[in-house]
1. Cβ-Cβ under 6 Å, sequence separation 6+ or interchain: first residue in region 7-28 and over 16 Å from Y186 (Cβ atoms), partner among the β-branched types (V, I, T) and part of a loop (DSSP other than H, G, I, E, B). Which pairs?
2. I'm trying to understand the selection: among the residues of region 145-174, which are assigned to a loop (DSSP other than H, G, I, E, B), at pLDDT 95 or above and within 28 Å of D230 (Cβ to Cβ)?
3. If you go through region 54-75 one residue at a time, how many are in a strand (DSSP E or B) and within 11 Å of D164 (Cα to Cα)?
4. With the structure loaded, tell me whether V281 is over 24 Å from the mean Cα position of the chain (by Cα) and either under 30 Å from L19 (Cβ atoms) or loosely packed, with under 13 Cβ neighbours inside 10 Å (or both) or whether it fails that test.
5. So which of E274, E237 is modelled with pLDDT under 95, under 24 Å from the mean Cα position of the chain (by Cα) and over 18 Å from D98 (Cα atoms)?
Amino acid sequence: MKVAGFTIARNLVQADYPLKEALLSVLPLCDEMVIAVGNSVDGTKEYIESMNEPKIRLFDTVWDDNKRIGGAVLADETNKALSEVPKDADWLVYIQADECLHEKYLPTVKAAMEKYLHDDEVDALLFDYLHFYGNYSMVGDSRRWYRNEIRIIKNNRNIVSWKDAQGFRTRDARKLKVAKVDACIYHYGWVKHPKFQQQKQAQFHRLWHGDEYMNSKVLIANEFDYSNIDSLKHFKETHPAVMQNRIDSMDWQFEIDPTRKNFGMKARLLHWIEKTVGWRVGEYKNYKLIR
């Protein structure tokens, strides 16, 4: 069984993305990792090259910054990376620059790839998600956070990155048939110094919005305000080992009472239903669960 990884990178240093940690967390699964490096101004390519990882292969791309609607440029760039993976790879591991796979899940994920390797009904593997917010001990537990997403796909040239590159579909827009893996992706996109979080927000929203929105909604603060959140809960387990240095060097404060909920009436009811019976009313699922 041959496994390749792929992802994209552009201007990740200035917004303090944990890309190195993300890559290191999945490299044990991969024979090769392909990274499409976009035109950057902050030394992103040099940052990746400094890892000196023989499994990593970089190639340069130029982003079309006019494709702001729906973050379409992210899918375009992801598909460029997807097109460069080895043709003889069986499985393809996708990781975003602010995600990590805990090392405790590596045997489980490898076993799932072996189990479904020759199952033609399975297009991809589906993961649970933990979304950390504000610091490394709080996770979001409201409807605003997606609970599952595809992160490993079969090497099928009919599978492409979908919309804003959060998930995948076929070229004719059909949902992929997935098997659920008993493993979790740790998402750290909302954990960094408020200054860097604000820079990340600026980068992110430029992929969706024009100058008027940016100037009135995003570029009005020097630091991100973490207090505007609806619901959090404590995280009391371990983090991926690759994240420990970042955790130890955390240099900002964020404290909040997780019993405090910031919901309207409808959201409060939907939250109660989900926490009581496990059903997320109207949940969007960009996949078909078959295993």
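1. none
2. Within region 145-174, W145, Y146, R147 qualify.
3. Qualifying residue count for the region: 0.
4. In short, no.
5. E274
The values are calculated or read from the model by the stated rules, or taken from the named source; none is laboratory data. It should be emphasised that the depicted structure is a prediction, and the values quoted were computed from it without experimental measurement. Note that we place each Cβ from the backbone using ideal geometry, even for glycine, and neighbour counts take in every protein chain shown.
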